[in-house]
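Report on one structure; see the data block that follows.
The values are calculated or read from the model by the stated rules, or taken from the named source; none is laboratory data. Computed from a prediction, not measured in an experiment: that's the story for all the values here. Cβ coordinates were reconstructed from backbone atoms using ideal geometry, including for glycine residues, and neighbour counts include every protein chain displayed. Accessible surface is based on the protein model in full, side chains and every heavy atom, while ligands, DNA and RNA are left aside. Shrake-Rupley method; radii C 1.70, N 1.55, O 1.52, S 1.80 Å.
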Amino acid sequence: PSARRNSPSTKMLSKVFNILLLGIIVTRTTAQCTACFDGSTPDADRAGCQLIIDAVTGLDASSSECQAKQLEAYQKVCCNSAPSICTVCPDGAAFNAETVVPNPRAGASDITCADLNGDLKFLDFISIPGICSDTLLQRSATWCGCPNTSRQCTLCSDGSTPANMDRVEKVLYKWDCQFFEFVSSFFSSDECPKLSAAGEILSIDAAAFCGCPNTSPPTTCSLCGDGEIIKTETDLGPYTCGELSLSVGYINNLQTCVKEKTSLRDVNGENFVEKCCFDPSSIASGASESVRYLAFVLAFFGLIYQIE
């Protein structure tokens, strides 16, 4: 019996058994990747989300591939959670936590690099989802003093400070020029010329809006038609007609111009353009009709008077 227990076939069966047992243990202890970092159910109906759900199937939850897909799922609004894999500095180095950066909400208190590091909205990507290097967070590295990083883009092409740093664009972005200047630092030297260019990164010519040297407003878009007058003081709720006209005047491409002028409406569905613009010739036309009618009435009664 002891010979059978030590036979080659018995040893082989024992090895196979141990391998199978180890496989079962590994299978049971390895966490499976989910599309959402917190394990919640992703929004499969949103564009691109089902592809992420399919891609994570079979991935180890601790793998870099899984974490990249979970970051992408957050960036594409499939999920409300994201893995903590991105830091301000690309190499994970220490940064100047107390350095102040502009707040995107005009009039709100500025935020520090420490706040930025924990703010999920700075995980948004610019070009490529699922990688830390393309997040707004790591594109802010130079502001926060990360080593081996340097700023490659400024809002003004000559590197000067915009003249109108406190001016607020209240319609499309709701940012002041301090924040537009901050945003410019996100971009590389190759991307920088496209920042305010027509149909590229920003929908307005931010450099001109903020008063950079050697810039002028584009001539692509205007709130009112030729000959129409803007009722600048009319209050539309979030802004006045004058403020709306200012923002629209810096839109740098025709497609956005048409879209914004068509879609900007109040809670009752009334178009802002119609509320802000009027044609003085229509008043003149109406007045001339009234004059002609009055002349007819006077002439008619004058004729009666002569008969009497």
Of residues in segment 179-190 being touching a residue at least 40 places away in the same chain (Cβ under 8 Å) and in a loop (DSSP other than H, G, I, E, B), the one surrounded by the most Cβ atoms within 10 Å (Cβ to Cβ): F186
Residue count, segment 38-94 (criterion: hydrophobic (A, V, I, L, M, F, W, C) and touching a residue at least 60 places away in the same chain (Cβ under 8 Å)): 3
Boolean, L236 is crowded, with 17+ Cβ neighbours inside 10 Å, modelled with pLDDT under 95 and either touching an Asp or Glu at 6+ places or on another chain (Cβ under 9 Å) or not hydroxyl-bearing (S, T, Y) (or both): yes
Entirely in segment 33-145, the helices (runs of 4 or more DSSP H) that have 2 or more residues that are in contact with a Ser or Thr (Cβ under 7 Å, 6 or more places away or on another chain), on the phi < 0 side of the Ramachandran plot and open to solvent by less than 30 Å² (accessible area, probe 1.4 Å): 113-117
Qualifying residue in segment 292-306 (condition: of a type in the set (V, I, T), modelled with pLDDT under 90 and either surrounded by 14 or more Cβ atoms within 10 Å (Cβ to Cβ) or over 56 Å from the mean Cα position of the chain (by Cα) (or both)): yes
Pair list, Cβ under 7 Å, 6 or more apart: segment 129-145 residue farther than 12 Å from I85 by Cβ, other residue charged (D, E, K, R): P129/E72; P129/K76; L136/D124; T142/R151
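Each row is one residue, and each column tells you yes or no for (1) without any contact (Cβ under 8 Å) to a residue 12 or more places away in the chain; (2) in contact with a Pro (Cβ under 9 Å, 6 or more places away or on another chain); (3) closer than 21 Å to S203 by Cβ; (4) among the acidic types (D, E).
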site: S222; (1), (2), (3), (4): no, no, yes, no
site: T234; (1), (2), (3), (4): no, no, no, no
site: N252; (1), (2), (3), (4): no, yes, yes, no
site: V258; (1), (2), (3), (4): yes, no, yes, no
site: T262; (1), (2), (3), (4): yes, no, yes, no
site: D266; (1), (2), (3), (4): no, no, no, yes
Which numbered condition A207 fails, given (1) free of Cβ contacts under 8 Å to residues at least 24 places away in the same chain; (2) part of a helix (DSSP H, G or I): (1)
Tally of residues being open to solvent by 10 Å² or more (accessible area, probe 1.4 Å) and touching a residue at least 40 places away in the same chain (Cβ under 8 Å) across segment 156-178: 15
